[in-house]
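Reviewing the structure listed below.
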Amino acid sequence: MGSIQTGKRKLATGTLQIEVASSIADADAREWDSLVTASSTAAPDCASGNPFLLHAFLRALEESGSATAETGWMPRHLLLRDVDDTLVGALPCYLKSHSQGEYVFDHGWADAFERAGGRYYPKLQCSVPFTPATGPRLLAAKGEKRETWRRALLDGLEQVGEKLGISSAHITFMPRDEWELAGEAGYLLRTDQQFHWTNDGFSGFEDFLAGLSSRKRKNIRKEREAALAGNGIEIDWLSGDRLTEEVWDRFFEFYMDTGSRKWGRPYLTRPFYSMIGETMAERIVLMMARRDGRYIAGAINFIGDGTLFGRHWGCIEDHPFLHFEVCYYQAIDYAIAHGLKSVEAGAQGAHKLARGYLPVTTRSAHWIAHSGLRRAIEDYLHHERRQVEMESEALKRHGPFRKADNP
């Protein structure tokens, strides 16, 4: 390895150099997105066309004031350059002063280390802020040196951590091949689970329901009826040029109301939505619930090449089962109508199982500087991984599908 830089300081690694960029704008958008494309197609267990790693999405997070030093997300992206200054690798990364907005929980690690006299924050977080969706993290160009470049990013992250004198670095929501590579490099390995829906070539929602157990099928029909007809609510799918500033105003109102009650302080700012509306409108669909001529609730989804990514929702009126309708059932309707292979409905939520979403393993890797803390976490993760595996197996056995169809 060679020289390191934050801002424009560099870390060298043989013929390679790692630049630590203080803004995604320091990376050329076309070069960055080419790495995203190359890495997405090379990860077999990643939903294709993950939109959250695109330069436009990350830039909107930063320039809208959502992911900044002031909010505890200081950009520190690793840019790996070859001897001719070509960008051959990258790692989206932030220096964090807290553990909010990550969806992989390490608050217990922080508390234990600080009770023992250590300083857990700041730490490095390699992820897409506020976005619990699996996607490539070790972005690398295609070619025979691809594995070398990915390993250089892992080595470089360690070196940056040591240079900054921080407690730890965390790479979250990784595809399996990157996770295994990180394990070979000495990172501690962690698993968790989410719930995803898979399209088995369904012709419509009723075709999907036909595969469920009788009780689950009846419950879903009742929920849909109660959420919509029972309240005089209709749903609009808004995308492209239908994402007007007025629509974003309404959606942001929902987001702020629900987010304030759920998190205390919502993560995203109003300008963020205008920015992604300008640059990514064709990759977004809002499910907006309308009653008496006005919108009262909505959920935002991002469209990948074969996957619909459900993100967050909000409402200003409470109605039974409206959350399930807007976030889960409308997503299934949309995926079937547009021939998408899957729906990823965000973090946690075993209640999704009864609605046709099955458990899927998520993965993260962790570099821990302090040897004592590392040993304690390593022991904890050994037991946690087994617990996650056992829970996933149990949930699959009690899945919503007819017994003959359960995986």
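The residue that is nearest to Leu164 (Cα to Cα), counting only those in the range 84-119 that are among the hydroxyl-bearing types (Ser, Thr, Tyr) and surrounded by fewer than 22 Cβ atoms within 10 Å (Cβ to Cβ), is Ser97. For the range 52-109, the set of residues classified as touching a Pro at 6+ places or on another chain (Cβ under 7 Å), touching a residue at least 60 places away in the same chain (Cβ under 8 Å) and closer than 30 Å to Gly372 by Cα consists of Leu95, Gly101, Tyr103, listed by residue number.
Whenever a residue of the range 325-350 is free of Cβ contacts under 8 Å to residues at least 40 places away in the same chain and at negative phi, it has no partner that is in a strand (DSSP E or B) and among the charged types (D, E, K, R) lying with C-beta atoms less than 7 angstrom away and at least six residues away or across chains. The set of residues from the range 251-283 being among the hydrophobic types (A, V, I, L, M, F, W, C) and farther than 15 Å from Val326 by Cα comprises Phe252, Met256, Trp263, Leu268, Phe272, Met275, Ile276, Met280, Ala281. Within the range 350-365, the set of residues being small (Gly, Ala, Ser) and within 19 Å of Gly204 (Cα to Cα) comprises Ala354, Gly356. Here Arg311 clears all of (1) free of Cβ contacts under 8 Å to residues at least 60 places away in the same chain; (2) out of contact with any His (no Cβ under 7 Å at 6 or more places or on another chain); (3) within 20 Å of Ser66 (Cα to Cα) except the condition numbered (1).
Restricting attention to the range 342-374 and to residues that are in a loop (DSSP other than H, G, I, E, B) and out of contact with any helix residue (DSSP H, G or I) (no Cβ under 8 Å at 6 or more places or on another chain), the residue that is nearest to Lys216 (Cα to Cα) turns out to be Gly349. Just wondering, is there one or more residues in the range 373-384 that are surrounded by 15 or more Cβ atoms within 10 Å (Cβ to Cβ), out of contact with any Leu (no Cβ under 8 Å at 6 or more places or on another chain), among the hydroxyl-bearing types (Ser, Thr, Tyr) and farther than 21 Å from Asp106 by Cβ? No, every residue in the range 373-384 fails to be surrounded by 15 or more Cβ atoms within 10 Å (Cβ to Cβ), out of contact with any Leu (no Cβ under 8 Å at 6 or more places or on another chain), among the hydroxyl-bearing types (Ser, Thr, Tyr) and farther than 21 Å from Asp106 by Cβ.
For Gly306, the criteria (1) surrounded by 14 or more Cβ atoms within 10 Å (Cβ to Cβ); (2) at pLDDT 95 or above; (3) small (Gly, Ala, Ser) hold in every case but one, which is (2). Looking only at the range 162-178, decide whether some residue is at pLDDT 95 or above, in a helix (DSSP H, G or I) and more than 23 Å from Leu95 (Cβ to Cβ). Looking through the range 162-178, at least one residue is at pLDDT 95 or above, in a helix (DSSP H, G or I) and more than 23 Å from Leu95 (Cβ to Cβ).
Of the candidates Val128, Val88, the single residue that is in contact with an Asp or Glu (Cβ under 8 Å, 6 or more places away or on another chain) and within 26 Å of Asp305 (Cβ to Cβ) is Val88.
Just one of the numbered conditions (1) in contact with a His (Cβ under 8 Å, 6 or more places away or on another chain); (2) part of a helix (DSSP H, G or I) is not true of Val247: (1). Reported count of residues in the range 226-262, each being closer than 20 Å to Gly65 by Cα, exposed (fewer than 14 other Cβ atoms within 10 Å of the Cβ) and in contact (Cβ under 8 Å) with a residue 24 or more places away in the chain, is 1. The set of residues in the range 110-155 being free of Cβ contacts under 8 Å to residues at least 60 places away in the same chain and assigned to a helix (DSSP H, G or I) consists of Ala110, Asp111, Glu114, Arg115, Glu147, Thr148, Arg151, Leu154.
The values are calculated or read from the model by the stated rules, or taken from the named source; none is laboratory data. Source: prediction; values computed, not measured. For neighbour counting, all protein chains shown are included, and Cβ atoms are generated from backbone atoms with ideal geometry for every residue, glycine included.
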